[in-house]
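Heads up, the thing below is written out as structure tokens.
The values are calculated or read from the model by the stated rules, or taken from the named source; none is laboratory data. Values in this document were obtained by computation on a predicted structure and should not be read as measured data. Here the Cβ positions follow ideal geometry from the backbone for every residue, glycine too, while neighbour counts run over all protein chains shown. Please note that ligands, DNA and RNA were not included when accessible areas were found on the heavy atoms of the full protein model with its side chains. Shrake-Rupley method; radii C 1.70, N 1.55, O 1.52, S 1.80 Å.
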Amino acid sequence: MKRTRQERLRLGALMIGIALFFAVVVVRLAQFQIVWAAPYSEVVERQSSGKIPIPAERGMVYDRHGNLVAKNVTRASLYAHPDSKTEMNKDADYLGKVFGLSRSQAIKQFRLQPKRFRWIKRRLDDKLANRIADEAPRGLYLRNETSREYPFGQVGKQILGFTNIDNEGLSGFELACDSALSGKSGWADIRRDGLRHTFRVKEAALVKPVPGQSVVLTVDWQLQEVVQDELRTAVEKYNAQSGMAVFVDCNSGDILAMAHYDPDEKHPNRPVKLCAVTDQFEPGSSFKPFTAAALLDAGMIDFQDSIYCEMGKWKVGRRTLHDDKEKGWLSFRKVIELSSNIGLGKCVIQMDANAVMDTYRKFGFGQKLGCGLPGETSGHLAKPAVWSDYNVAALAMGHSVAVNALQMATAMAAIANGGELLQPQLVLGNVEDNGCVKRTARREVLGRALKASSADSLRAFLRGVVEEGTATPVNSEFVKISGKTGTGQIPNLETGGYYRHRFTASFCGFFPSDKPLIAGIVVLKNPKPITYGGYTSGVAFRKIAERYTVSNPDLFEVADRTFAENTKRLDITAKTPDMIGRDLIQAKMLAEKRGVKIRCSAKEGTVVWQFPAPDRLIMCDDEVVVAVAPPGEEQTGMIDLKGLTVRKAAAFLEHVGLEYEIEGTGRIKKQSIRPGETITEGQTCRLTCRPS
């Protein structure tokens, strides 16, 4: 059919219009896709996605023998991020159903607002987390978070400190090393469609978090436990107000144990300070060995020189110096062994007072030693405007001096090792990505505190103190101990002067005497009615030395039992593999590759459930419990629960829908439904537990 001219014009105009339309579309597409690509991409990204930080996994902490003393436990946390008011109301309705609230109560309690991030509940239990993951509406999300756990409980907690709910260090080593332990946070991605509906994602990381650095401490957790136990016993036995103790390696400066005990401490689970490095006290007679070091180094005295001790009462200027007992002529060695104030005072006034002060500074008094813990004090060496004989004598016997326990232990270690003052070390090394330990601590000599010959004489004197002097209750049949007692008056900071009947009892020493390895101090504040250091603090020191020596017969090799070599690994933790949906044979191979054990409900079949969930950090000697559906069956049989924790057993029983009753505490010892038995609806499994 032949078209008329008018029809041809109309058709041409239509074709031109269509061509122009598509030309405009192509041009606009080119503008959007090429010319304006960058700014519009930013707009799309901003409207269709969101970023939420993912905290990094905190580095773990080990003791010098590889014991894990601070680890992480992963839990799911719930937060809200509704995109609109409608979405917010749906979230509030759901939260009200879960937590027993009305919509308005949920909005008020959780401070819900459109386009605002709000935490709902941190560290959910696994059962509730799984329920929320299956049921929650848009706008509610789960995030895996790690919280700090201390496997040894209160042992070493004062050193480690603690973290807040966001895993940030608040005290102790957790605070001092927070920047290294905390790592670097990543970012999670939230996506929305064109209708602004949000897709729920648990952890779709845009930027993966960088885990924190794992650290090895110099502390020996076995010795730490002994120290805390004996310190608590001593405070309670001698009715002391409080107590503290420090033990260090004489030859390396490594801090092996530090603790304090105060029966009135309100929050022992959240220690805000470690008194052994923060609190100062007057050492009394336990300070005398360092005065003796000044005299010996200066050649002012010989250990056989005799001094007349005035039968216990000596007038110095307008003041009078006293001894506890009436003593006449004593050798310088006996002056130290019997702790004569008069004998030492008579010797030291012959020496230049400034030279004596210099010796004290060489031992580290009056300055911070830099142990790596927050709150460390420097102590105080009082220098009077005018040196009188009485001032010098009082200083010599530990009056007008303020020290902390770490300073005393480090100074005694200098006498024990031959005269070198060592930098106290708390960090032994870092755990590298390959699991090897890189030792970062190096033996650092701060200076020579006294001559080797003087140290030899002092070691003999200090052994005599325990054998024949003021510390005979410290003498042990198991280990030779050397040291010095101290019974110093407690200063009255309000009125000045000293309390007449309040004392600080201390014993500062080292062991074994013939080959010193460990130096330390035990301090008891205001023990009653016995106030002498030899009968209170010294006894606690002896028990610590005995218990540690008996449990470590190879004590003379203690210096070699460290992570000095870079080849030792800390492969004691692993992440749980994802075994759900895999054949049991494949699951076992995957578990073996990760270095974890599994406990199965059947000998063959498909894994349908596991606990802990995938990617959880566990110890390598721990087990992953898996429910296995045998071929052709959907129902799993009863698993062997014996030896499992209540939490693992309960998780399995909840998965298979069984009610359960628990008797006792600890790990599972008996179960009423035998392993392999078919599980029927309505059964109740009775579990009997006993402490492991």
Give me the residue from the range 347-362 that is in a helix (DSSP H, G or I) and among the polar types (S, T, N, Q) and, out of that set, surrounded by the fewest Cβ atoms within 10 Å (Cβ to Cβ).
N354
For the range 431-456, how many residues meet the condition of being modelled with pLDDT of 90 or more, outside any loop (DSSP other than H, G, I, E, B) and crowded, with 21+ Cβ neighbours inside 10 Å?
2
On the given criteria, is V624 in contact with a Pro (Cβ under 8 Å, 6 or more places away or on another chain), open to solvent by less than 60 Å² (accessible area, probe 1.4 Å), under 30 Å from A70 (Cα atoms) and not hydroxyl-bearing (S, T, Y)?
yes
State all residues of the range 49-83 that are farther than 30 Å from L170 by Cβ and at pLDDT 85 or above; if no residue qualifies, say none.
P82
Out of curiosity, is D220 open to solvent by less than 30 Å² (accessible area, probe 1.4 Å) and in contact with a His (Cβ under 9 Å, 6 or more places away or on another chain)?
yes
Give all pairs with beta carbons closer than 7 Å in which a residue from the range 138-156 that is among the small types (G, A, S) meets a residue that is in a loop (DSSP other than H, G, I, E, B); count only pairs at least 6 apart in sequence or on separate chains.
G139/H81; G139/P82; G139/D83; S147/N167; G156/V219
Considering (1) part of a loop (DSSP other than H, G, I, E, B); (2) in contact with a strand residue (DSSP E or B) (Cβ under 8 Å, 6 or more places away or on another chain), say which one S476 fails and leave the rest.
(2)
When the range 633-692 is examined, which residues are found to be among the aliphatic types (A, V, I, L, M), under 33 Å from the mean Cα position of the chain (by Cα) and open to solvent by less than 30 Å² (accessible area, probe 1.4 Å)?
L641, L644, A649, A650, A651, I668
Among (1) within 30 Å of Q213 (Cβ to Cβ); (2) in a helix (DSSP H, G or I); (3) open to solvent by 20 Å² or more (accessible area, probe 1.4 Å); (4) charged (D, E, K, R), E174 falls short only on (3)
Based on what the data block shows, is G153 among the small types (G, A, S), in contact with a strand residue (DSSP E or B) (Cβ under 7 Å, 6 or more places away or on another chain) and modelled with pLDDT of 85 or more?
no
Name the single residue, out of those in the range 417-427 being closer than 13 Å to C371 by Cα and surrounded by fewer than 24 Cβ atoms within 10 Å (Cβ to Cβ), that is farthest from the chain's Cα centre (by Cα).
Q423
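Would you mind finding the one in S454, S476 that is under 19 Å from F541 (Cβ atoms) and touching a helix residue (DSSP H, G or I) at 6+ places or on another chain (Cβ under 6 Å)?
Values: S454 fails: under 19 Å from F541 (Cβ atoms).
Only one candidate qualifies: S476.
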Among strands (runs of 3 or more DSSP E) entirely within the range 241-346, at least 1 residues that are open to solvent by 60 Å² or more (accessible area, probe 1.4 Å) occur in 306-308, 313-316, 319-322, 329-331
Matching entry among A414, A409 (being buried (at least 21 other Cβ atoms within 10 Å of the Cβ), in a helix (DSSP H, G or I) and over 27 Å from the mean Cα position of the chain (by Cα))
A414
State the number of residues belonging to the range 564-588 that are closer than 27 Å to N72 by Cβ, modelled with pLDDT of 80 or more and among the aliphatic types (A, V, I, L, M).
3
Scan the range 364-383 and give yes if some residue there is in a helix (DSSP H, G or I), surrounded by fewer than 19 Cβ atoms within 10 Å (Cβ to Cβ) and not small (G, A, S), otherwise no.
no
Exactly one condition in (1) open to solvent by 30 Å² or more (accessible area, probe 1.4 Å); (2) over 30 Å from the mean Cα position of the chain (by Cα); (3) at positive phi is false for R123; which is it?
(2)
So for the range 203-212 (the condition being more than 20 Å from S537 (Cα to Cα), in contact with a Gly (Cβ under 8 Å, 6 or more places away or on another chain) and of a type in the set (G, A, S)), does at least one residue qualify?
yes
Residue check for R463: charged (D, E, K, R), modelled with pLDDT of 90 or more, touching a helix residue (DSSP H, G or I) at 6+ places or on another chain (Cβ under 8 Å) and at negative phi:
no
Selection from the range 100-119 of residues in contact with an Asp or Glu (Cβ under 9 Å, 6 or more places away or on another chain) and within 30 Å of P612 (Cα to Cα) yields F110
Quick check on my filter: what residues within the range 474-519 are small (G, A, S) and under 24 Å from L406 (Cβ atoms)?
S482, G483, G486, G488, A505, S506, G509, S513, A519
Among G643, G605, G664, the single one that is under 30 Å from V61 (Cα atoms), touching a residue at least 24 places away in the same chain (Cβ under 8 Å), in contact with a strand residue (DSSP E or B) (Cβ under 7 Å, 6 or more places away or on another chain) and among the small types (G, A, S) is G643
Within the set of pairs 6 or more residues apart or between chains, which connect a residue that is within 19 Å of D125 (Cβ to Cβ) inside the range 63-92 to a residue that is among the polar types (S, T, N, Q) and assigned to a strand (DSSP E or B) with Cβ atoms less than 6 Å apart?
N72/T146; V73/S147; T74/N144; T74/T146; A76/N144
Return the residue satisfying two criteria in turn: it lies in the range 457-472 and is within 11 Å of G538 (Cα to Cα) and touching a Gly at 6+ places or on another chain (Cβ under 6 Å), and of such residues it is least open to solvent (accessible area, probe 1.4 Å).
A471
Hey, A396 modelled with pLDDT under 95 and either surrounded by fewer than 20 Cβ atoms within 10 Å (Cβ to Cβ) or small (G, A, S) (or both) or not
yes
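Rundown of residues vs (1) in a strand (DSSP E or B); (2) buried (at least 21 other Cβ atoms within 10 Å of the Cβ); (3) hydroxyl-bearing (S, T, Y), yes/no style:
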residue: G496; (1), (2), (3): no, no, no
residue: Y499; (1), (2), (3): yes, no, yes
residue: R502; (1), (2), (3): yes, no, no
residue: G509; (1), (2), (3): yes, yes, no
residue: G534; (1), (2), (3): no, yes, no
residue: R542; (1), (2), (3): no, yes, no
What pairs come up if the first residue lies in the range 102-131 and is in contact (Cβ under 8 Å) with a residue 40 or more places away in the chain, the second is among the acidic types (D, E) and part of a helix (DSSP H, G or I), and their beta carbons are under 7 Å apart, counting only those six or more places apart or on different chains?
K127/E654
